[in-house]
Amino acid sequence: MNSTIEALKQISNSEHLEQLLTYMLDQIGHPDPYIRDTLIYSGFCELILNDHLTDAELTLIATTCCDDEYLFFNLNERQGDAVLTRSFSALAIQLVLNKDCDNRFLSHALAAHMLTKSIDYLKFEHDYRGYIENKGWAHSVAHGSDLLARAVSHPLFSEVATVNTVLAILEKCLCTDYAYIDKEDERMLAVIDALLDKGLTEADLLHWLEKLSQAKHDEHLKHYRIHWNIKKFMLSLYGHFIRRQQYETITNWIFKTYINYSKIEV
């Protein structure tokens, strides 16, 4: 990781951390995957997780990345590069929230603001692409799920949102005609775990899963892809709970509904 920081310093032509951070934030959605992912995001991981930053510097990252020019940058753009800025801002925010969960340093007002923005992100994101040719990972749903799970885990979560709000966001992400192929369903599992830790009961989760399984769309292709996304999510959840030997009622229902199911799909 030290080589990452040195590389970032060379790119920014600065030996000063403040200027380095400014550069990293300015380039957080760079279209070159080496700069964006290997250098910038890995640099944020090194600086934040290994305690190289002051509370003021962490707060700067948080407030900047929650801004409309970062987490909500050009939301109406569906196929351009703006999703890279949004998605990697989400990753940076979750790193800061992770630090605040462990050792509260954000003000109550700022933490609540960050949580609200973090929960809202996937509510409004509509560019669901995973890997983009020549530009690397966008992975908005995966990164947004990481952020959403971190927000739910935060001590102030119950002050800004409810379990049902988060379940509705997951449902919105699954009921899309963009077919997920880059393990987005697996990244959503952390959100379910966080909700269960916050008091979501097995009975309420099963009720939500049953309702989700009934999702339909009048257009055949859209219906097919929605069904694909939901089925992948259900099977990932099944394996997740089986490995942990948890929630037998749910795993039995998923097995009966999605695994031991005789209907031939076209």
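The values are calculated or read from the model by the stated rules, or taken from the named source; none is laboratory data. A quick note: this is a predicted structure, and the numbers were derived from the prediction, not measured. Methodologically, a virtual Cβ is constructed for each residue, glycine included, from the backbone with ideal geometry; neighbour enumeration extends over all protein chains shown. SASA here: full protein model, heavy atoms, side chains in, ligands and nucleic acids out. Shrake-Rupley method; radii C 1.70, N 1.55, O 1.52, S 1.80 Å.
Once both axes come from the Cα atoms, what is the angle between helix 17-26 and the longest principal axis of the chain, in degrees from 0 to 90, rounded to 10?
Between the helix axis and the principal axis of the chain, the angle is about 40 degrees.
Of the accessible area of region 99-240, with the probe set at 1.4 angstrom, what percent is carbon plus sulfur? Spell out each step's value before the answer.
Values: 3180 of 6310 Å².
Carbon and sulfur together cover 50 percent of it.
Whose amide H sits under 5 Å from the amide H of Trp137, counting only residues 5 or more places off or on another chain, with H placed in the peptide plane?
Amide H neighbours of Trp137, under 5 Å, 5+ apart: Ile132.
Could you work out how far the C-alpha centroid of region 23-39 sits from that of region 182-225, in angstrom?
32 Å
Averaging over every viewing direction, what projected area does the convex hull of the Cα atoms of region 193-239 cover, in nm²?
3.6 nm²
Would you mind working out the magnitude of the charge dipole of the chain relative to its Cα centre, with +1 at each Lys and Arg C-beta and -1 at each Asp and Glu C-beta, to the nearest 20 Debye? Don't skip to the answer; put the middle values down first.
Values: 25 positive and 38 negative charges, 211 e Å.
About 1020 debye.
Once R0 is set to 25 Å, what does the formula 1/(1 + (r/R0)^6) return for the Cβ-Cβ distance between Asn98 and Asn164, expressed as a FRET efficiency to the nearest 0.05?
Calculated value: 0.55.
Note down the net charge around Tyr70, summing +1 for each Lys or Arg and -1 for each Asp or Glu among other residues with Cβ under 11 Å from its Cβ. Can you show the working numbers first?
Working: positive: Arg86, Lys117; negative: Asp26, Asp67, Asp68, Glu69.
Summing Lys/Arg as +1 and Asp/Glu as -1 gives -2.
For Asp204, Asp193, give the ranking by accessible area with the largest first, probe 1.4 Å.
Asp204, Asp193
Mind jotting down the three principal axis lengths of region 210-266 based on Cα atoms? Whole angstrom, largest first.
Each principal axis gives a Cα extent; for region 210-266 these are 38, 19, 16 Å.
Cα axis of helix 140-153 to longest principal axis of the chain: angle in degrees, 0 to 90, nearest 10?
90 degrees
Calculate the spin-label point distance for Asn134 paired with Ile181, positioning each point 7 Å from the Cα along the beta-carbon direction, and give it in nanometres.
In this crude label model, Ile181 to Asn134 measures out at 1.9 nm.
With a 1.4 Å probe and all protein chains left in place, how much accessible area per residue does the chain have, in Å²?
Normalised by residue count, the accessible surface of the chain is 49 Å².
Set the Förster radius R0 to 35 Å, insert the Cβ-Cβ distance between Lys222 and Ala56 as r into 1/(1 + (r/R0)^6), and round the FRET efficiency to 0.05.
0.15
About its Cα centre, how strong a charge dipole does region 69-204 have in debye, to the nearest 20, once Lys and Arg get +1 and Asp and Glu get -1 at the Cβ?
340 debye
With r defined as the distance between the Cβ atoms of Glu69 and Ala112 and R0 fixed at 25 Å, what FRET efficiency is calculated, to the nearest 0.05?
0.75
As I understand it, the dipole of the chain uses +1 on the Cβ of Lys and Arg and -1 on the Cβ of Asp and Glu, about the Cα centre. Which of Gly239, Gly130, Asn252 lies farthest toward its positive end?
Of Gly239, Gly130, Asn252, it is Asn252.
How big is the accessible area of Trp137 in square angstrom, nearest 10, if you roll a 1.4 angstrom probe over the protein chains?
In the full protein context, Trp137 sits at about 100 Å².
So what is the 222 nm mean residue ellipticity for the chain from helices alone, if each DSSP H run of at least 4 adds -39500 (n - 2.57) and you divide by all residues, rounding to the nearest 500 deg cm²/dmol?
Calculated mean residue ellipticity at 222 nm is -19500 deg cm²/dmol.
Calculate the spin-label point distance for Arg78 paired with Phe255, positioning each point 7 Å from the Cα along the beta-carbon direction, and give it in nanometres.
Distance between label points: 4.2 nm.
If you line up the long axis of helix 55-65 against the longest principal axis of the chain, both from Cα atoms, how many degrees apart are they, to the nearest 10?
60 degrees
Express the relative contact order of the chain as a whole percentage, based on alpha carbon pairs under 8 Å and six or more residues apart in sequence.
On the way: 307 pairs, mean separation 37.4, N = 266.
Answer for the chain is 14 percent.
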